[in-house]
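Notes to accompany the following structure.
The values are calculated or read from the model by the stated rules, or taken from the named source; none is laboratory data. Note that the coordinates shown come from a computational prediction; the quantities given were computed from them, not determined experimentally. All Cβ positions, even for glycine, are placed from backbone atoms using ideal geometry, and neighbour counts span all protein chains on display. With ligands, DNA and RNA removed, areas are computed over all heavy atoms of the protein, side chains included. Shrake-Rupley method; radii C 1.70, N 1.55, O 1.52, S 1.80 Å.
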Amino acid sequence: MSQPTFPMHVSVAEARDMLAALLPRLETETVPVNRALGRTLAADLEALVSHPSATESALDGIAAREADTLGASPGTPVRLKLVGESRAGVPFGGQVSAGECVRIYTGAPLPAGVDAICPVEELEDNGPEHVLLRRPAFPGDVRPEGGDFRASEVIMRAGLRLSAPRVALAAALGHAEVPVRRKLRVALLSTGDEVIEPGAVLQPGQVYDSNRAGLSAMLRESGCEVSELGHAPDSPASLQAAIAGAGGADVLLTSGGVSMGKYDFMRDLLIERGRVAFWKVRMRPGGPAILGGWNGLPVFGLPGNPVSSLVVFHVVVRPALTGQPVQSLKLRAATPFRGLKDKTAFWRGVIRDGEVHDYGQQGSGILRSLSDADALVIVPEGGAVETGDTVDVVLL
Ligand code: AMP
Ligand code: MG
């Protein structure tokens, strides 16, 4: 190949940013809150109500005036008159006066006149007209109105990814529906003469298509709409025909055919007849990845090696597609991890007792290593990790 006209050997961060720059801005749509898992909020969400909506009890017991109960102890219990009951959804309507109390249950509104709770376990002679308290009632067992959030406060910001707890929070804020970005439409194509469908009879030299299964799963997990284009053999004509099926997608992900070999036609197609934004990322596994375009459609060519394609997806593609940064955490290395002169390494690691160990087999074809490993250990370009060093890891 003559001198390329596009960037070669970009960094992981550059690869991520260049892919993100080719993606469209996604329109807003509205979905029921209980269908919003994994979606990205398109607008700030404010609380439509306060939570709790009234000052309420955190316990089952009695509600009283703290001042009436201060001397209570097992030897000298305090006697209070029971004047009613407040339960969740059915508050006590009256006023509670000095020397009086009401039976109360978790989540029930605190009646007017009282400020503290004594739990049922600390009561003697428990009703029906009087109770004896073995200890004082505590104001701390009251949940104040708005203690979680107050009406009209902005609680969730646009761009937030809706995890299960965030879905619960959106519902608690009072939203039956939430504005989210529409799902990114991703077309997925496997390439390779040797690649066949799982379930078919495998001839020596063939391999089941694990990339499409894995990438499709990761895309769905990332909140994308996946259109599977199946698998294309290694010829420019069949690749072009398969890519034509990606109409309507926002981006096409392919696997295989982007390395240095004679039959790596995905690479040739983009370089010779499409557009290339970069070829090769300074990372291992996954170096040969290519980003380009085909008739206006952004195309990201992942390497065919199963570990490479899933790791590049994890650290380059997913953060670009979702806008969510890769979450890393720091752990103590229980084994050394080697560094590479001009590549960032993502070694598979196993976490035990808060330390990360080398998984051992780090070959790009050892797919079970990704299944067994807990994390990718990041060794920056030119760095190396000794036992006892603190390392950045990305959870798998
Ligand atoms: P390539 O990048 O096309 O040179 O492929 C590199 C290696 O990955 C070869 O051993 C391929 O057989 C393997 N490979 C390519 N595509 C897939 C796939 N979809 N599923 C599993 N292995 C694959
Ligand atoms: Mg191939």
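Quick notes on this one:
- Of the residues Tyr263, Tyr208, the single one that is touching a residue at least 40 places away in the same chain (Cβ under 8 Å), in contact with an Asp or Glu (Cβ under 8 Å, 6 or more places away or on another chain) and within 16 Å of ligand 2 (Cβ to nearest atom) is Tyr263.
- Test: residue in the range 257-264 that is open to solvent by less than 20 Å² (accessible area, probe 1.4 Å), closer than 14 Å to Val317 by Cβ and within 13 Å of ligand 1 (Cβ to nearest atom): yes
- Listing of strands (runs of 3 or more DSSP E) fully contained in the range 60-175 that carry 1 or more residues being exposed (fewer than 15 other Cβ atoms within 10 Å of the Cβ): 78-86, 130-133, 154-156
- Options Glu221, Glu197, Glu228: the member that is acidic (Asp, Glu), out of contact with any Ser or Thr (no Cβ under 9 Å at 6 or more places or on another chain) and closer than 30 Å to Arg25 by Cα: Glu221
For every residue, the table says whether it meets (1) at negative phi; (2) within 13 Å of ligand 1 (Cβ to nearest atom); (3) open to solvent by 20 Å² or more (accessible area, probe 1.4 Å).
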site: Ser210; (1), (2), (3): yes, yes, yes
site: Gly223; (1), (2), (3): no, no, no
site: Ser227; (1), (2), (3): yes, no, yes
site: Leu239; (1), (2), (3): yes, yes, no
site: Ala244; (1), (2), (3): yes, no, yes
site: Thr254; (1), (2), (3): yes, yes, no
site: Arg273; (1), (2), (3): yes, no, yes
site: Val276; (1), (2), (3): yes, no, yes
site: Trp294; (1), (2), (3): yes, no, yes
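- Residue in the range 181-193 that is in the same structural domain as Phe300 (by TED's automatic domain parsing), more than 16 Å from ligand 2 (Cβ to nearest atom) and either of a type in the set (Phe, Trp, Tyr) or in contact with a Phe, Trp or Tyr (Cβ under 8 Å, 6 or more places away or on another chain) (or both) present: no
- Any hit, the range 298-319, residues being among the hydroxyl-bearing types (Ser, Thr, Tyr), surrounded by 17 or more Cβ atoms within 10 Å (Cβ to Cβ) and touching a Pro at 6+ places or on another chain (Cβ under 6 Å): yes
- Ala54 being open to solvent by less than 50 Å² (accessible area, probe 1.4 Å) and either under 30 Å from Cys118 (Cα atoms) or β-branched (Val, Ile, Thr) (or both): yes
- When residues of the range 363-376 are limited to those that are under 19 Å from the mean Cα position of the chain (by Cα) and of a type in the set (A, V, I, L, M, F, W, C), the one surrounded by the fewest Cβ atoms within 10 Å (Cβ to Cβ): Leu370
- Total residues in the range 16-38, condition of a type outside the set (A, V, I, L, M, F, W, C), out of contact with any strand residue (DSSP E or B) (no Cβ under 6 Å at 6 or more places or on another chain) and over 12 Å from Leu291 (Cα atoms): 7
- The lone exception for Asn34 - which of (1) open to solvent by less than 40 Å² (accessible area, probe 1.4 Å); (2) of a type outside the set (Gly, Ala, Ser); (3) more than 13 Å from Gly323 (Cα to Cα) it fails: (1)
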